[in-house]
1. Run the quick spin-label model on Ala157 and Thr30: label points 7 Å from Cα toward the beta carbon, then report their separation in nm to one decimal.
2. Simple spin-label model, 7 Å along Cα-to-Cβ: Asn136 to Leu54 in nm?
3. In the stretch 118-178, which trypsin sites (Lys or Arg not before Pro) are in a loop and have at most 13 other Cβ atoms within 10 Å, using DSSP for the loop call?
4. For the stretch 133-178, with all protein chains present and a 1.4 Å probe, just round the carbon and sulfur fraction of the accessible area to a whole percent.
5. Beta carbons within 10 angstrom, averaged per residue: use that to sort the peptides 24-31, 151-158, highest first.
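The values are calculated or read from the model by the stated rules, or taken from the named source; none is laboratory data. Quick caveat: nothing in here was measured; it's all calculated off a predicted structure. Ideal geometry is used to build each Cβ from the backbone, glycine not excepted, and the neighbour counts take in all protein chains shown. Only protein heavy atoms, including side chains, enter the accessible area calculation; ligands, DNA and RNA are left aside. Shrake-Rupley method; radii C 1.70, N 1.55, O 1.52, S 1.80 Å.
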Amino acid sequence: MKAPTRIRAVVDSASGTPGSVRHSLVFLGTAAVAAEVLLALADGAAAAAGGLALITAVALALGRYAAGGGAEDSGYRRPVRLLASRAPALGGWRHVVSKTLADDGETHFPTVMRPQLQRLFAARLAERHGVAMYRNPQRSQALVGPELWPWIDPQAAAPGPTLPEPVLRLLLDRLETL
């Protein structure tokens, strides 16, 4: 004889239908308790404590996985590693630009501005195109453009001792469009 639909729904929601999350948790919990009882009866309290520690570690790892702990990274770790250094920041950018465009820019451009531009372009190329600027300069040159590449080419000297303002504007515009 079949149980009424309402009673069946209450029973299904309490125990969970096979394949549901609730059913799986009930099954795994029952198996864990049974394993603990068997360990305690067979090998004593020390084995039961070790089994409890193992079950707890597995439960925490599964809980983190189920809660989306693997999505924290979102797969962006590989492109960031293409940079070979920390991610570039824009703090103090106004100061860097003003020092580079000033009269004493001959020392500031090769030591501060050019490495900053190289890191920014490396980050953008890795982030948007999956290209490692330092490992694949030909592909990087094609993406940046042959007219701007000499200013940020990590394997060659800059075309000039200072960076002209129009070139800096073109570099920054190109960085935005990459």
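1. 7.9 nm
2. Here the answer is 4.5 nm between the modelled labels.
3. Qualifying residues, ordered by number: Arg135.
4. Answer for the stretch 133-178 is 54 percent, counting heavy atoms of protein chains only.
5. 151-158, 24-31
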